[in-house]
Structures are given as structure tokens and as C-alpha cells.
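Single-structure report; data block below.
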Amino acid sequence: MQLVKPVGGQRFASLDGLRGIACVVVVICHYLQIYVPAAFERNFPDLFGEKWLVNSPLNLLFNGHAAVILFFVLSGFVLSAPFFRGVGWGWYARSIIKRYPRLAIPALASSLLACGLIAIFGVRYAELNAYSGSNVTTFLPTAVDFRLAAWEGAIGSFFDGKFSYNPVLWTIRAELFGSLLVLVLVPLVGRLP
């Protein structure tokens, strides 16, 4: 399969794949945190014998923190690589301008989707917590407020640290400002010894 060569240079298909794997690991982590929290901490009820996973090598398959760090490092590399291939300042200026919408549109969609799912299906946190012993769901919203979900997805998660409808957006602020920092600093200091 031939990838289209973008303006910033060649795509790193293997790194895109590795970032995709990191995303899947984070999704698995979030499900396990809610449904089988003993896979992360020994003080939760061991429902399926998952406590042995905490310190096993299989932990890498659902270690969300390691996957987020890997994703950020790879994203920084992918954002800085075009500079070393000789793209001009214009590419970086356009990338800086496009960065917020590229992150805000999916963040907004995810918050509205979460609010919509709560509106359609309601919440069953109490039953879930009683079964799994998890306390992860105690900070999730139970009310439907599409205005709040829209504000958090588009603005609050980036600039105010508010992300009740999609707690996964705790990383989006770091992703935005970290990527802007890379996009500004690499052209300024990239050629220094």
C-alpha cells in the first residue's frame, strides 16, 4: 500500500501504526479500569483472577500511562521531522494555525457523543461499582447537558481543565500546548549544535 506523500514529507507508516497500537492500549486500559480494576490495584475485588496481571509482563498490553507517553513522544517526533527534511516556515505556520481545529473537532465530537449516550441509555454506575468495586465512575456525570458537553469538548478541556463528559480529554491540553511548543521551537532551535 502506497501512502500519499504529504507536504511535510514522507509519512512514517510504522510510527503511525505504533501510535495506533498505543491508542488501542489506552482504550483497553479504560475498560479494564472500570470493569476489572484489580488489574491495576490489588485493593479491588479480584473478579476473574486478574490481580496477577498487575506485576506481570502482560501489563504492557493495558498500561495506559506508558502508551500515552509513547504516543506523545512519537507525536513530537512526527511533528519535528518535516523541519529536518527542509520544509519552510510556511509549513510550520500553517500547522500551528490548523492545530487547534484538528484537536478540537474530535474532542467536541467525543464529548457530545458521551452526553448523547447518557441521554439515550442513562447511567448504571451504582450497579457497576457494586459489581466491580471500581471507583472510577464516581466522577462521571449523570445529568444530560449538551451545552456543557459542547463547551468542555471545544474549549473547557483545552483551556480550563474541564472534561466531565469525557475524562480521557485530560491529555488534550498537553497535546495542544505540547504540539504548539514543538511547532514553534523546532524551527527556532532545530539547527543549533
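The values are calculated or read from the model by the stated rules, or taken from the named source; none is laboratory data. Worth saying up front: this structure is predicted, and the values here are computed from it rather than measured. Positions of Cβ are backbone-derived with ideal geometry, glycine not excepted, and every protein chain shown enters the neighbour counts. Areas reflect the complete protein model, heavy atoms only, side chains present, ligands, DNA and RNA absent. Shrake-Rupley method; radii C 1.70, N 1.55, O 1.52, S 1.80 Å.
Quick notes
- Looking only at region 120-135, and only at residues there that are of a type in the set (A, V, I, L, M) and open to solvent by less than 50 Å² (accessible area, probe 1.4 Å), the one that is farthest from Leu148 (Cα to Cα): Leu128
- Candidates Gly86, Gly90: the one that is more than 18 Å from Leu181 (Cα to Cα) and either touching a helix residue (DSSP H, G or I) at 6+ places or on another chain (Cβ under 8 Å) or modelled with pLDDT under 90 (or both) is Gly86.
- Cβ pairs under 6 Å, 6+ apart, first in region 23-50 and under 20 Å from Val68 (Cα atoms) and of a type in the set (A, V, I, L, M), second assigned to a loop (DSSP other than H, G, I, E, B) and modelled with pLDDT of 85 or more: Ile28/Phe62; Leu32/Phe62
- When Ile96, Ile69 are checked against the criterion of being under 26 Å from Phe139 (Cα atoms), modelled with pLDDT of 85 or more, of a type outside the set (Lys, Arg) and within 25 Å of the chain's Cα centre (by Cα), Ile69 stands alone in meeting it.
- Counting the residues of region 76-119 that are open to solvent by 70 Å² or more (accessible area, probe 1.4 Å) and either closer than 10 Å to Gly153 by Cα or part of a helix (DSSP H, G or I) (or both) gives 12.
- Looking only at region 29-45, and only at residues there that are of a type outside the set (Lys, Arg) and open to solvent by 70 Å² or more (accessible area, probe 1.4 Å), the one that is farthest from the chain's Cα centre (by Cα): Asn43
- Selected residue [touching a residue at least 12 places away in the same chain (Cβ under 8 Å), open to solvent by 40 Å² or more (accessible area, probe 1.4 Å) and out of contact with any Pro (no Cβ under 6 Å at 6 or more places or on another chain)] from Leu192, Leu148, Leu188: Leu148
- The condition of being closer than 29 Å to Val78 by Cα and either among the charged types (D, E, K, R) or open to solvent by 70 Å² or more (accessible area, probe 1.4 Å) (or both) holds for Ile155.
- Of note, Ile172 does not satisfy the criterion of being surrounded by 15 or more Cβ atoms within 10 Å (Cβ to Cβ) and out of contact with any helix residue (DSSP H, G or I) (no Cβ under 8 Å at 6 or more places or on another chain).
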